[in-house]
Each structure stands twice: as C-alpha cells, then as structure tokens.
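First the structure, in the form of structure tokens, and then the observations on it.
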There are 2 protein chains.
Amino acid sequence: MLLSEPVARLINELMKMPGIGPKSAQRLAYYIIKTKIEDVERLIRALVDVKEKIRQCKICFNLTDSDICEYCRSLDRSDELICVVASAKDIPPIEKAGSFRGKYHVLGGLISPLDGIGPDQLTIKKLLERINQDTIKEIIVATDSDTSGEVTALYIGKILKPLGITVTRLAYGLPMGASLEYADEVTLSRAFEGRREIE
Amino acid sequence: MLLSEPVARLINELMKMPGIGPKSAQRLAYYIIKTKIEDVERLIRALVDVKEKIRQCKICFNLTDSDICEYCRSLDRSDELICVVASAKDIPPIEKAGSFRGKYHVLGGLISPLDGIGPDQLTIKKLLERINQDTIKEIIVATDSDTSGEVTALYIGKILKPLGITVTRLAYGLPMGASLEYADEVTLSRAFEGRREIE
C-alpha cells in the first residue's frame with residue numbers, strides 16, 4: 001500500500017472529475033491535507049450549497065438558485081430574441097461579451113445520434129411551447145461549430161422556420177472546431193453581430 | 001451578476017487549489033452541478049475523512065492514519081538506512097521505483113533563506129534524535145536537484161558526517177531542475193543505485 005486508505009480514496013474521488021488526472025489528483029489531495037481545516041470546510045459548504053440550491057430555470061433551463069433565472073426575470077431584456085445554447089455554461093461567456101440582450105434557452109445537450117441523443121432528449125419541445133406562448137421573432141442558435149452543433153442548429157432551423165420565426169446561427173467569427181466555452185469576448189461579439197439565417 | 005451566488009462561490013473555492021485556474025474551476029463546478037448527489041457526497045466524505053484521519057507519523061513525519069506510519073512499523077525494512085525527503089508526497093514515487101527498502105524521514109520542506117525557512121523549521125533535530133537512538137548507518141538525501149534541495153542536502157551532510165554517519169545523495173539520474181514528484185520509475189531506480197556520498 002503506497003498511500004493510506006483515506007488519501008487513496010480522496011485521490012480516487014478527485015480523479016472522477018473532468019481534467020483531473022492521477023498527478024493533479026495527488027497534488028490536490030496533498031493540498032487538502034496541508035491546508036487549514038476552515039478552508040476545507042468552506043469548500044465543503046460551497047459543494048453542499050451548490051447541490052442544495054442550484055436547479056434549472058422553469059422557463060429556459062439555465063442554472064439558477066430560484067425558480068426562474070435572472071435572465072428570464074429581467075425586464076431589461078428583449079422577449080423577441082432567444083439565444084439557444086447547448087449548456088448553461090455557455091451563457092456566462094455570452095453575457096461577458098455583452099452584445100446579446102435577449103433571453104436564453106438551454107437545450108441540455110446537442111443532437112448526437114452516435115451517443116443516442118436525439119431531439120426528444122433535449123428541451124426543444126419546451127422551446128416550441130415558449131414560441132407558441134410568447135412574442136418571439138428570432139432564435140439565435142449559439143451552438144459550437146462542430147458536427148453536433150451544426151446538426152442541432154439545422155434541426156432547430158428546420159422545425160422553426162415553418163412557424164415564421166427567423167432562425168439565425170452565430171457568424172463564423174468563432175474558429176472552426178473551437179469550443180464556445182473558451183471563446184474570447186471580441187470573437188464572441190463579432191459572432192453575434194455577423195449571425196446569419198439558417199437556409 | 002453572471003453566475004448565481006452558490007456557483008460563483010464554489011468556483012472561487014475551487015480556484016484556491018493548486019493548478020486550478022478560472023476555466024478549470026468553472027468546468028469542475030458545472031461537473032459538480034450535473035453529477036449525482038451520491039457522487040458529491042462521496043467526494044465530501046473523502047475530504048472529511050482525510051482531514052479527520054490523516055496526521056504525521058510520530059517517528060518520520062510521513063502522512064499516516066495511525067500514530068506510526070506503515071514504513072516505520074515494517075519489520076521487512078532496514079533500520080540502518082534512512083531516506084530523507086522534503087515532503088510526504090515524495091515517498092510514493094520512491095516506493096513505486098521499488099529499489100529502496102529502508103525507512104524514511106520527512107523534513108517538512110527545504111532550507112530556503114529567501115522564504116525564511118532555515119534548518120529549525122524542518123524536522124532535522126528529530127532526525128538527529130533518531131540517529132542517536134537507532135542503528136542508522138547511512139542517510140540518503142533524496143531532495144530535488146534545485147538550489148533548496150542541494151543546500152538542504154549539503155547542510156544535512158555537514159551536520160551528520162561528524163557523527164560517523166554515511167550521508168549520500170541520489171545520483172544524477174534525475175534530470176537537473178526536475179521535480180522528484182514527476183520522475184519516472186526507471187530514472188528513480190537508477191538514481192537510487194548511483195547515489196554518491198556528499199563530500
């Protein structure tokens with residue numbers, strides 16, 4: 001046994017997280033061992049709070065600590081424009097870019113037949129309900145520029161255009177194959193300005 | 001506010017850990033949000049257990065979940081040979097290399113005047129006590145090959161050689177400037193075989 005059981009178990013749990021390999025997990029475990037108990041307690045409190053308080057917005061499926069997220073509640077944002085994203089984590093970079101002032105809709109993934117994810121596994125039906133209820137004029141599909149992102153954008157274009165909704169896609173200011181999550185603010189702003197309608 | 005308070009706070013706590021920048025912290029936070037509550041509970045239990053159970057060995061200052069660590073307790077390991085390391089995290093790679101079958105001594109750091117760390121901040125006095133009590137014939141100083149590692153090795157050599165103890169240093173199988181923590185097993189084995197006495 002190279003490590004005592006509690007340390008080995010902590011390293012094992014840390015390695016389940018994305019981007020944490022054996023070396024990183026070990027480094028983190030030794031940090032936890034050496035750091036003050038109050039700091040670890042603060043981390044644990046933050047973990048518990050996130051699991052207890054964070055849930056999906058009932059309208060757009062963004063993450064929120066109340067029933068309806070701040071963007072859906074906001075009176076300053078246009079109800080005529082919805083930006084569709086794959087995941088809630090795509091929203092902060094868009095907000096940081098600052099060029100979008102409409103509402104959001106979080107799909108909860110992207111269409112990917114190889115992974116068994118079709119339109120029914122996403123919140124597309126809920127998006128249609130929103131379109132039927134509200135005064136939505138344009139849907140901006142802000143999915144990644146990879147295959148799943150393109151397929152999902154085309155699918156949304158196909159089902160929404162017969163309803164008289166303008167469906168646009170972010171302009172290729174985004175470098176091909178790049179993840180939206182890591183885009184810089186200027187690139188994202190350009191992508192919003194140059195968005196094009198899905199043919 | 002781009003993120004709800006619990007998410008922002010979790011990201012903030014995660015960013016305090018070594019090697020975790022804003023993007024990694026965000027990725028981990030979204031993983032925590034999406035993952036099953038049981039998995040997060042297991043992680044929290046592992047964090048609590050490590051903080052509650054892990055302490056320093058009373059003999060060698062290795063990390064252990066009992067009073068005396070497994071290496072100090074072991075009857076299979078030579079009492080005549082002590083490998084001195086800066087930190088408990090240096091022990092697993094040495095054990096993995098498998099060429100050392102003596103006991104350990106963890107200094108708790110390296111001499112570094114610029115950081116205000118002198119010999120008194122380390123467990124060197126306790127190492128001297130062990131030498132006075134036990135049948136130790138050789139001390140292998142397995143510190144990193146950087147300045148602090150060299151200075152510490154030379155210091156230990158200087159104070160132990162008058163006591164008739166052989167003090168050796170790991171051979172430069174280790175690449176210069178490299179961290180012991182990341183050495184591969186073959187390099188470490190060679191370094192143990194080729195260790196040389198400190199002049």
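The values are calculated or read from the model by the stated rules, or taken from the named source; none is laboratory data. For clarity, every value in this text was computed on a predicted model and none was experimentally measured. Please note: Cβ atoms are built from the backbone with ideal geometry, for glycine as well, and neighbour counts cover all protein chains shown. When the accessible area is computed, the model is the full protein with side chains, heavy atoms only, and any ligands, DNA or RNA have been set aside. Shrake-Rupley method; radii C 1.70, N 1.55, O 1.52, S 1.80 Å.
Of all residues in the stretch B:35-59, those satisfying the criterion of being facing chain A (nearest Cβ under 9 Å) and surrounded by fewer than 14 Cβ atoms within 10 Å (Cβ to Cβ) are B:Ile37, B:Glu41, B:Glu52.
Exactly one residue out of B:Ile68, B:Ile94 is β-branched (Val, Ile, Thr), open to solvent by less than 20 Å² (accessible area, probe 1.4 Å) and within 13 Å of chain A (Cβ to nearest Cβ): that is B:Ile94.
Only residues in the stretch B:7-24 that are under 17 Å from A:Arg42 (Cα atoms) count as the first member; pair them with residues that are in a loop (DSSP other than H, G, I, E, B) and open to solvent by 60 Å² or more (accessible area, probe 1.4 Å), Cβ under 9 angstrom, at least 6 apart or cross-chain, and list the lot. Listed by first residue and then by second, the contacts come to B:Val7/A:Asp65; B:Ala8/B:Met1; B:Ala8/B:Leu2.
For A:Tyr104, the criteria (1) under 22 Å from B:Ile33 (Cβ atoms); (2) in contact with a Leu (Cβ under 6 Å, 6 or more places away or on another chain) hold in every case but one, which is (2).
Of the numbered criteria (1) more than 8 Å from every other protein chain (Cβ to nearest Cβ); (2) surrounded by 14 or more Cβ atoms within 10 Å (Cβ to Cβ), the one B:Tyr31 fails is (1). For the stretch A:1-19, name all the residues that are aliphatic (A, V, I, L, M) and at the interface with chain B (Cβ under 8 Å from one of its Cβ atoms). Across the stretch A:1-19, the qualifying residues are A:Met1, A:Leu2, A:Leu3, A:Val7, A:Leu10, A:Leu14, A:Met17.
Condition check for A:Arg73 on (1) among the charged types (D, E, K, R); (2) open to solvent by less than 80 Å² (accessible area, probe 1.4 Å); (3) modelled with pLDDT under 95: one failure, at (2).
Considering (1) part of a helix (DSSP H, G or I); (2) open to solvent by 30 Å² or more (accessible area, probe 1.4 Å); (3) out of contact with any strand residue (DSSP E or B) (no Cβ under 8 Å at 6 or more places or on another chain); (4) within 16 Å of A:Ala86 (Cβ to Cβ), the lone condition that A:Asp144 does not fulfil carries the number (1).
Quick grid of which residues meet (1) crowded, with 16+ Cβ neighbours inside 10 Å; (2) free of Cβ contacts under 8 Å to residues at least 24 places away in the same chain:
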{"position": "B:Ala86", "(1), (2)": "yes, no"}
{"position": "B:Leu122", "(1), (2)": "yes, no"}
{"position": "B:Asn132", "(1), (2)": "no, yes"}
{"position": "B:Ser148", "(1), (2)": "yes, no"}
{"position": "B:Leu163", "(1), (2)": "no, no"}
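Cβ separations smaller than 9 Å between residues 6+ apart or across chains give the following pairs from the stretch B:35-59 residues that are acidic (Asp, Glu) to residues that are open to solvent by 80 Å² or more (accessible area, probe 1.4 Å): B:Asp39/A:Lys16; B:Asp49/A:Glu5.
No other residue among B:Tyr182, B:Tyr172 is open to solvent by 90 Å² or more (accessible area, probe 1.4 Å) and modelled with pLDDT under 70 apart from B:Tyr172.
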